[in-house]
Amino acid sequence: MIWNKAKECMSQEDKRRLQGERLRKLVEKVYHSTPFYRQKMQEMDITPDDIKTVDDIVKLPFTTKQDLRDNYPYGLFAVPMSQIVRLHASSGTTGKPTVVGYTRRDLSVWSEMTARCLSAFGTDDNDIFSVGYGYGLFTGGLGLHYGVEHLGATVIPMSTGNTDKHIQLSHDFGATALACTPSYALYLAEAMAKTGIPRSEFKLRTAILGAEPWTENMRKEIEAKLGVDAYNIYGLSEIMGPGVSHECEYKDGSHIIDDHFLPEIISPDTLTQMPYGEQGELVFTTLTKEGLPLLRYRTKDLCTLNPETCKCGRTSVRMSRIVGRSDDMLIIRGVNVFPSQIESVILDLEEFEPHYMLVVDRVNNLDILEVQVEVRDGFYSDEITQMLALKKKIAHRLQSVLGISADIKLVEPFSIKRSEGKAQRVIDKRSLN
Ligand code: ADP
Ligand code: ZN
């Protein structure tokens, strides 16, 4: 079902006009309320009068995560703290965390856009959701939570951890939908199988997965193991949280909520806008956000955009799956490698489980990539020749996809650590040296 037809199915012309109006207001607002943007615009010799249509976006300055850190905690907020009703913070694995603030209106926009996503996944007020994203500073838990309530469905605020209880309550409460990271969905599927409760006793039908990159092969694996229809939801705290884009029943790219967030693709090298269809860095401008409005925020996420109207009737621009973050890209012996490429190869081969770990190191000035991967039950064997043949098979595939060789370490099922939140699949020892 389409939750907000007036916005989701707007004609391209009307959308552009609306985006243009909102952009003009936004620029006017930040120019006068955020010294950071006023200064940047003055340095570039532009004023709000230079922004007339949505195409003028290219005249505006970019914003980066570093800018948020430099202005920690509240320097980029555009309203007084008396109007901020909620704070969230990103994990901040490197340096200070980034803090984001929401006004009451921001929260209501967020709930509405998340309800649009859930509606596109075919869920409605009859559904019972178990939310397995972390509740707390991370936007995943509360973001989905309010979306489910706005939809009028029932929410079970499970959060992460406590997997046995999660399964028990999903069973007892008749949960029909699950929201969590793709890696946690896999973990839950394994744990559910171990409980011995027959799948037919669970009502679970739909999985809403995001917060980390995943591949089409991973979707097939999760759908088969968990017995659900799995959909992608994307978002980031700086822009809002989960719900910035979502798939529909056609699963052909994720619809961006582009009446609120204006997307662009830029070349991360030249910082110039790239045409639709070309892969580059995704950039968002928050057209309506009050608490922390951002101009041209560089997400570091790499993907392509497609402006064609979807078969579902939505006219919003769709983004492809995230290939990776530009800062997740590994450069191994000079070759660019994304973990998602390796995941695709592993999941294409029936002998392997979708659990892997990449260890990169530098030995004698040479980069070494080790791929640790679990062999599926039934394929794991004590026979050395069999295991060698398996190793050769995957090594050969990886070589042809990546263009570099990798050392393969086959491990037993269940030996790689499972993740409850965002999966950590790369250990780069080179950066630790
Ligand atoms: P951080 O991980 O930086 O602490 P967030 O929780 O806001 O902060 O994470 C946002 C990032 O998570 C996105 O920029 C993107 O890289 C990743 N992400 C979120 N959803 C998806 C998704 N559906 N597919 C791929 N990557 C995603
Ligand atoms: Zn669609």
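Residues in the stretch 397-411 that are closer than 12 Å to GLU370 by Cα and open to solvent by 20 Å² or more (accessible area, probe 1.4 Å): SER405, ASP407, LYS409, LEU410.
Taken over the stretch 233-244, the criterion of being within 16 Å of ligand 2 (Cβ to nearest atom) and touching a helix residue (DSSP H, G or I) at 6+ places or on another chain (Cβ under 8 Å) is satisfied by ILE233, GLY243, VAL244.
Scanning the stretch 340-349 turns up no residue that is open to solvent by less than 10 Å² (accessible area, probe 1.4 Å) and within 16 Å of ligand 2 (Cβ to nearest atom). Would you confirm whether any residue within the stretch 111-131 is among the β-branched types (Val, Ile, Thr), open to solvent by 20 Å² or more (accessible area, probe 1.4 Å) and touching a residue at least 40 places away in the same chain (Cβ under 8 Å)? Yes - at least one qualifying residue is present in the stretch 111-131.
With respect to (1) within 23 Å of VAL345 (Cα to Cα); (2) away from ligand 1 (no atom under 12 Å from the Cβ); (3) not basic (Lys, Arg), the lone exception for LEU204 is condition (1). All told, ILE2 meets the bar of being over 20 Å from ILE239 (Cβ atoms) and in contact (Cβ under 8 Å) with a residue 40 or more places away in the chain. Quick check: anything in the stretch 142-150 surrounded by fewer than 21 Cβ atoms within 10 Å (Cβ to Cβ), within 20 Å of the chain's Cα centre (by Cα) and either closer than 19 Å to GLU238 by Cα or of a type in the set (Phe, Trp, Tyr) (or both)? Yes: the stretch 142-150 contains one or more residues that are surrounded by fewer than 21 Cβ atoms within 10 Å (Cβ to Cβ), within 20 Å of the chain's Cα centre (by Cα) and either closer than 19 Å to GLU238 by Cα or of a type in the set (Phe, Trp, Tyr) (or both). Check whether at least one residue in the stretch 37-60 is charged (D, E, K, R), under 15 Å from HIS260 (Cα atoms) and either without any contact (Cβ under 8 Å) to a residue 60 or more places away in the chain or not assigned by TED's automatic domain parsing to the domain that holds GLY141 (or both), and report yes or no. No, the stretch 37-60 contains no residue that is charged (D, E, K, R), under 15 Å from HIS260 (Cα atoms) and either without any contact (Cβ under 8 Å) to a residue 60 or more places away in the chain or not assigned by TED's automatic domain parsing to the domain that holds GLY141 (or both). Report yes if SER108 is among the polar types (S, T, N, Q), loosely packed, with under 15 Cβ neighbours inside 10 Å, under 27 Å from GLU149 (Cβ atoms) and at pLDDT 95 or above, otherwise no. Yes: the conditions hold for SER108. SER245 meets the conditions (1) open to solvent by 10 Å² or more (accessible area, probe 1.4 Å); (2) within 12 Å of ligand 1 (Cβ to nearest atom) in every case but one. The failed one is (1).
When TYR231 is tested against the conditions (1) open to solvent by 30 Å² or more (accessible area, probe 1.4 Å); (2) within 15 Å of SER320 (Cα to Cα), the lone failure is (1).
Residues in the stretch 23-53 that are assigned to a loop (DSSP other than H, G, I, E, B) and either open to solvent by 50 Å² or more (accessible area, probe 1.4 Å) or of a type outside the set (A, V, I, L, M, F, W, C) (or both): THR34, MET44, ASP45, THR47, LYS52, THR53.
Do we have LYS311 as among the basic types (Lys, Arg), farther than 24 Å from LEU107 by Cβ and surrounded by fewer than 18 Cβ atoms within 10 Å (Cβ to Cβ) here? Criteria met by LYS311. Selection of the stretch 248-275 for residues being open to solvent by 10 Å² or more (accessible area, probe 1.4 Å), outside any strand (DSSP E or B) and within 16 Å of ligand 2 (Cβ to nearest atom) yields GLU249, TYR250, LYS251, ASP252, GLY253.
So, of the residues in the stretch 312-336 that are touching a strand residue (DSSP E or B) at 6+ places or on another chain (Cβ under 6 Å), in a loop (DSSP other than H, G, I, E, B) and not hydroxyl-bearing (Ser, Thr, Tyr), which turns out to be modelled with the lowest pLDDT? The selected residue is ASP327. Contact map, the stretch 314-337: first residue over 20 Å from THR215 (Cα atoms) and in contact (Cβ under 8 Å) with a residue 40 or more places away in the chain, second residue within 10 Å of ligand 1 (Cβ to nearest atom) and outside any strand (DSSP E or B), Cβ cut-off under 8 Å, separation 6 or more or different chains; the map is empty. For the stretch 54-78, taking the residues that are open to solvent by 20 Å² or more (accessible area, probe 1.4 Å) and β-branched (Val, Ile, Thr), the one that is nearest to ligand 1 (Cβ to nearest atom) is identified as THR64.
It is to be established whether one or more residues within the stretch 133-140 are over 13 Å from GLY243 (Cβ atoms) and of a type in the set (Ser, Thr, Tyr).
Yes, the stretch 133-140 has at least one match.
The values are calculated or read from the model by the stated rules, or taken from the named source; none is laboratory data. Fair warning: this is a prediction, and the values are worked out from it, not measured in the lab. Note that each Cβ is placed from the backbone with ideal geometry, even for glycine, and that neighbours are counted across all protein chains shown. Keep in mind that these areas ignore ligands, DNA and RNA; they rest on the heavy atoms of the full protein, side chains included. Shrake-Rupley method; radii C 1.70, N 1.55, O 1.52, S 1.80 Å.
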